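The values are calculated or read from the model by the stated rules, or taken from the named source; none is laboratory data. Being a predicted model, the structure only gives us computed values, none of them experimental. Because the Cβ atoms are built from the backbone with ideal geometry, glycine has one as well, and the counts that use them run over all protein chains shown.
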């Protein structure tokens with residue numbers, strides 16, 4: 001008898017006949033017989049059997065009824081077909097997001113109780129059983145070293161503006177009811193809801209093919225057809241006091257040096273009196289347009305306007321960074337358009353927007369970081385397969401405004417897809433890693449979590465997008481923002497051991513705490529206060545005030561009274577100083593973040609103490625950074641006798657730092673009304689929309 005016959009006979013006697021052994025010994029012998037028979041088969045036959053079983057299972061899956069299979073792409077990319085509350089269920093199952101939302105009252109799992117038919121869930125949006133899902137309140141108590149007691153009306157000089165009263169709860173607790181309004185679907189939230197993924201691709205490719213057109217019509221002709229809807233010029237009165245006049249003089253000095261030594265180039269090198277090129281887009285000119293308009297510098301604004309009209313071109317075969325060009329150039333053009341009413345700026349912004357769209361042709365919908373405006377192609381950065389999380393989440397204000405300004409929805413649609421995808425990803429207490437892959441659409445494993453470089457403006461734009469779009473209840477943006485700030489309070493916030501300065505650290509590899517805080521993080525006090533002004537809890541206000549004090553200390557503790565790029569904080573009493581700076585981090589780049597926060601505190605409270613704090617810092621810039629051809633970044637803020645100079649005046653000095661100084665020193669704290677305007681990450685004001 002051959003091996004095959006022997007195997008067949010053995011199998012038949014044990015498994016095919018279905019005989020059951022009468023005792024444990026027989027069962028053991030039967031198992032050994034099967035194992036021996038399997039081992040006696042040639043390897044090729046065993047492989048064929050395994051392949052056959054695999055094919056059978058795969059075929060069985062294919063023939064399952066269609067309503068038992070849910071396409072995740074449909075959930076994330078078809079918000080018009082899948083209402084808001086259906087898409088929320090995927091993230092609510094994430095224990096990092098909502099630890100208790102996947103359990104019923106008795107503790108049993110609710111995941112398997114979700115209805116198979118989507119229409120059944122539509123009848124009870126944002127519910128588990130018969131109970132609505134509610135966001136957790138902000139945590140006001142921390143560990144023993146970080147006690148944040150809740151105060152009723154604890155903010156001195158902070159009151160709700162009359163315009164925000166209608167959005168408060170009926171119970172008068174001062175908090176917006178973000179999630180109780182559960183009847184609103186995504187279609188009600190946005191008139192630009194996405195219909196099909198293919199429609200986005202078609203519109204993208206059409207806009208990319210014809211960058212000088214909008215909706216298949218020449219840009220100028222398209223805008224002419226909607227003339228009644230175009231922006232009207234805003235009016236400003238110029239400097240009204242000595243401090244504002246000093247800021248205007250600083251701007252004119254900076255502009256004169258740039259015009260003389262770097263005209264048409266991106267940045268000025270004020271010490272060597274030359275230029276610095278980055279993208280070849282005249283960054284300092286475009287970035288400064290709205291600053292000049294707000295300051296009432298008519299001559300300077302007009303010469304900059306003429307350069308944009310005649311010399312700003314986007315067809316150069318050169319890679320640029322999507323994020324930087326969006327916030328500086330696209331944001332600068334849109335802001336100049338809204339403030340001046342000059343449609344030429346909107347024409348330029350529309351063409352630039354079309355040429356930036358190739359970034360969104362990635363497999364995941366998360367944009368590539370680098371785009372060639374001339375070739376209209378995009379790719380990941382050359383140094384890494386990943387993009388910075390803050391970069392892909394800090395383009396939404398500008399692209400949405402471009403859609404609203406032109407009535408062309410594609411720009412808003414592509415960034416809404418990014419919002420949806422980021423929202424659906426797993427996070428750690430609402431906090432995000434600082435790197436994300438555009439091909440896979442996932443965060444890098446074990447990446448740092450930080451509110452500094454590469455992470456900062458993700459959190460900023462959650463709040464500001466919510467404000468830009470009319471502060472809708474039940475909105476992912478504000479839910480994610482509230483959860484993120486809870487994560488900041490519980491995971492990143494610490495106090496120094498002796499002087500109790502509050503700071504925001506980092507989580508290296510996503511886990512290990514490091515007492516390091518970038519100057520970039522000093523945007524946070526202003527953002528938190530802006531959120532509190534619009535209904536966020538008092539814990540946000542308290543953190544804002546504590547962070548404001550700490551950020552000011554990073555300035556006044558240095559001999560130059562200027563902050564270093566990075567500060568470190570004592571973890572225990574063995575450290576000599578509560579706040580200290582390492583030699584490699586002691587430079588100052590003329591950054592605006594803390595001046596921005598001072599502006600928000602003054603504009604929203606009316607407390608002129610913040611003006612005095614800003615004036616001290618402005619005088620320090622005048623003393624240590626001013627040179628014959630402009631203002632320079634510094635190499636060491638700890639050295640007053642012979643301060644080394646880095647010889648660069650980046651465009652944000654005129655775009656943000658001086659603009660925020662000017663508005664901070666204004667006699668009219670509503671010179672830019674924060675109920676009607678929202679500043680992008682480069683200090684460009686864009687209008688707030690009702691929906």
Please specify each residue of the stretch 260-277 satisfying the condition of being under 30 Å from residue 343 (Cβ atoms) and either surrounded by 17 or more Cβ atoms within 10 Å (Cβ to Cβ) or not assigned by TED's automatic domain parsing to the domain that holds residue 662 (or both).
262, 265, 266, 267, 268
Scan the stretch 232-248 for residues that are assigned to a helix (DSSP H, G or I) and touching a residue at least 12 places away in the same chain (Cβ under 8 Å) and jot them down.
243, 244, 246, 247, 248
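Does the stretch 425-435 contain at least one residue that is assigned by TED's automatic domain parsing to the domain that holds residue 505, farther than 27 Å from residue 493 by Cβ and either surrounded by 21 or more Cβ atoms within 10 Å (Cβ to Cβ) or under 16 Å from the mean Cα position of the chain (by Cα) (or both)?
Here is the first cut: in the stretch 425-435, the residues assigned by TED's automatic domain parsing to the domain that holds residue 505 are 425-435.
Narrowing further to those that are farther than 27 Å from residue 493 by Cβ: none.
No.
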Give the stretch 304-329 a look and list any residue that's touching a strand residue (DSSP E or B) at 6+ places or on another chain (Cβ under 6 Å) and assigned to a helix (DSSP H, G or I), or say none.
322
Answer yes or no as to whether residue 154 is at pLDDT below 50, within 30 Å of residue 365 (Cα to Cα) and either assigned to a loop (DSSP other than H, G, I, E, B) or in contact with a helix residue (DSSP H, G or I) (Cβ under 7 Å, 6 or more places away or on another chain) (or both).
no
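Looking at the stretch 584-606, which of the residues that are touching a residue at least 12 places away in the same chain (Cβ under 8 Å) and either out of contact with any helix residue (DSSP H, G or I) (no Cβ under 9 Å at 6 or more places or on another chain) or outside the structural domain of residue 250 (by TED's automatic domain parsing) (or both) is surrounded by the fewest Cβ atoms within 10 Å (Cβ to Cβ)?
Restricting attention to the stretch 584-606, the residues satisfying the condition of being touching a residue at least 12 places away in the same chain (Cβ under 8 Å) are 585-606.
When the remaining residues are screened for being either out of contact with any helix residue (DSSP H, G or I) (no Cβ under 9 Å at 6 or more places or on another chain) or outside the structural domain of residue 250 (by TED's automatic domain parsing) (or both), the result is 585-587, 606.
Numbers: 585: 16, 586: 21, 587: 18, 606: 13.
Here the residue is 606.
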Tell me the residue from 643, 632, 609 that is without any contact (Cβ under 8 Å) to a residue 12 or more places away in the chain and either under 27 Å from residue 281 (Cβ atoms) or assigned by TED's automatic domain parsing to the domain that holds residue 281 (or both), please.
609
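Could you check the stretch 470-582 for helices (runs of 4 or more DSSP H) lying wholly inside it with 3 or more residues that are within 17 Å of residue 458 (Cβ to Cβ), in contact with a helix residue (DSSP H, G or I) (Cβ under 9 Å, 6 or more places away or on another chain) and in contact (Cβ under 8 Å) with a residue 24 or more places away in the chain? Spell out the reasoning first.
Details: elements: 476-487, 524-533, 538-556.
It comes to 476-487, 524-533.
Take residue 552 and tell me if it is within 25 Å of residue 607 (Cα to Cα) and surrounded by 21 or more Cβ atoms within 10 Å (Cβ to Cβ).
On the way: within 25 Å of residue 607 (Cα to Cα): yes; surrounded by 21 or more Cβ atoms within 10 Å (Cβ to Cβ): yes.
For residue 552, the condition - within 25 Å of residue 607 (Cα to Cα) and surrounded by 21 or more Cβ atoms within 10 Å (Cβ to Cβ) - is met.
Tell me the residue from 279, 301, 251 that is closer than 30 Å to residue 407 by Cβ, outside any loop (DSSP other than H, G, I, E, B) and modelled with pLDDT of 95 or more, please.
On the way: 279 fails: outside any loop (DSSP other than H, G, I, E, B); 251 fails: closer than 30 Å to residue 407 by Cβ.
301 is the lone residue from the list that is closer than 30 Å to residue 407 by Cβ, outside any loop (DSSP other than H, G, I, E, B) and modelled with pLDDT of 95 or more.
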Based on what the data block shows, is residue 541 under 23 Å from the mean Cα position of the chain (by Cα) and within 25 Å of residue 681 (Cα to Cα)?
yes
Here the qualifying pairs (Cβ atoms under 6 Å; residues six or more apart or on different chains; first in the stretch 377-406 and free of Cβ contacts under 8 Å to residues at least 24 places away in the same chain and in the same structural domain as residue 438 (by TED's automatic domain parsing); second surrounded by fewer than 16 Cβ atoms within 10 Å (Cβ to Cβ) and assigned to a loop (DSSP other than H, G, I, E, B)) come out as none
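Looking at this structure, is residue 464 touching a residue at least 24 places away in the same chain (Cβ under 8 Å), in contact with a strand residue (DSSP E or B) (Cβ under 6 Å, 6 or more places away or on another chain) and in the same structural domain as residue 683 (by TED's automatic domain parsing)? It would help to see each step written out before you state the result.
On the way: touching a residue at least 24 places away in the same chain (Cβ under 8 Å): yes; in contact with a strand residue (DSSP E or B) (Cβ under 6 Å, 6 or more places away or on another chain): yes; in the same structural domain as residue 683 (by TED's automatic domain parsing): yes.
Yes: the conditions hold for residue 464.
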For the stretch 489-513, how many residues meet the condition of being closer than 13 Å to residue 571 by Cβ, surrounded by 19 or more Cβ atoms within 10 Å (Cβ to Cβ) and over 20 Å from the mean Cα position of the chain (by Cα)?
5
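Let's see how each residue does on (1) crowded, with 17+ Cβ neighbours inside 10 Å; (2) over 27 Å from the mean Cα position of the chain (by Cα); (3) modelled with pLDDT of 95 or more:
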{"site": "622", "(1), (2), (3)": "no, yes, yes"}
{"site": "626", "(1), (2), (3)": "no, yes, yes"}
{"site": "636", "(1), (2), (3)": "yes, yes, yes"}
{"site": "643", "(1), (2), (3)": "yes, yes, no"}
{"site": "647", "(1), (2), (3)": "yes, yes, yes"}
{"site": "656", "(1), (2), (3)": "yes, no, yes"}
{"site": "661", "(1), (2), (3)": "yes, no, yes"}
{"site": "668", "(1), (2), (3)": "no, yes, yes"}
{"site": "673", "(1), (2), (3)": "no, no, yes"}
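When you scan the stretch 324-346, do you find a residue that is over 30 Å from residue 249 (Cα atoms) and touching a residue at least 24 places away in the same chain (Cβ under 8 Å), even just one?
Step one: list which residues in the stretch 324-346 are over 30 Å from residue 249 (Cα atoms), which gives none.
No, there is no match, as no residue in the stretch 324-346 is over 30 Å from residue 249 (Cα atoms) and touching a residue at least 24 places away in the same chain (Cβ under 8 Å).
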The stretch 649-691, residues that are in contact with a strand residue (DSSP E or B) (Cβ under 8 Å, 6 or more places away or on another chain) and part of a loop (DSSP other than H, G, I, E, B)
650, 651, 672, 676, 680, 688
Does the stretch 450-467 include one or more residues that are surrounded by fewer than 21 Cβ atoms within 10 Å (Cβ to Cβ), more than 11 Å from the chain's Cα centre (by Cα) and under 26 Å from residue 200 (Cβ atoms)?
no
